[in-house]
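Taking it in order: structure first as structure tokens, then the write-up.
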């Protein structure tokens, strides 16, 4: 009987030792898993914080963009078209309907004049009768709803070489010719009441075609004078800052 009791005691001790060892191993495994989960949680929290910072930055950019758009709408700094008063846009559209040589885009505010109607080929002197449409354009932009707007008059030419010695003496290149045509239009608008301070002139020669120069018809599309309507604070080379603050 004593041997049996001793055997049971030893067996119980062995089982207890094995149980403790198994429990210790399990605890260590759980602790290791807990540490891994803790590190993973810290990494996720850091990532969430970075995402929050990025979201705040994007939100700030969106707010600034909305503020910039609001200022553009209020001050008319965008190229006119979206910023043109409805009555002014309507008058330009009606004028374009009466003059086939005039194209007006209400989305951008750009008016295009067929230079063949305004000038003879290779020349920058206004043709008789061309003044009528320019007078009406000047009248529109002399109105109270347009007095703060600027006009950029831009001349273009086709790729044909200027013919004739006298014309080449006057206009050595299509660049000179296109600038001369723009200047002639701006000068007439000035004489019709548009102040010089509201206008600019540019010439691009044959370098901004809207069609190929392969035929007389397509070349005619490239010979044009464009009038761009600009808001009172639209940044333009030479108009970007007239306050003189850079020279004080």
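Against the definition (outside the structural domain of residue 144 (by TED's automatic domain parsing) and either crowded, with 17+ Cβ neighbours inside 10 Å or modelled with pLDDT under 90 (or both)), how does residue 236 come out, yes or no?
Spelling it out, residue 236 is indeed outside the structural domain of residue 144 (by TED's automatic domain parsing) and either crowded, with 17+ Cβ neighbours inside 10 Å or modelled with pLDDT under 90 (or both).
State which residue is nearest to residue 122 (Cα to Cα) when the search covers only the stretch 200-235 and only residues that are part of a loop (DSSP other than H, G, I, E, B) and more than 24 Å from the chain's Cα centre (by Cα).
223
Check whether at least one residue in the stretch 177-198 is free of Cβ contacts under 8 Å to residues at least 60 places away in the same chain, out of contact with any strand residue (DSSP E or B) (no Cβ under 8 Å at 6 or more places or on another chain) and more than 27 Å from residue 98 (Cβ to Cβ), and report yes or no.
yes
Report the residue count in the stretch 120-169 for those that are under 33 Å from the mean Cα position of the chain (by Cα) and either outside any helix (DSSP H, G or I) or not assigned by TED's automatic domain parsing to the domain that holds residue 183 (or both).
The qualifying residues number 20.
The values are calculated or read from the model by the stated rules, or taken from the named source; none is laboratory data. Just so it is clear, the structure is predicted and the values come from calculations on it, not from any experiment. In this analysis, Cβ positions are derived from the backbone assuming ideal geometry, glycine residues included, and neighbour counts consider all displayed protein chains.
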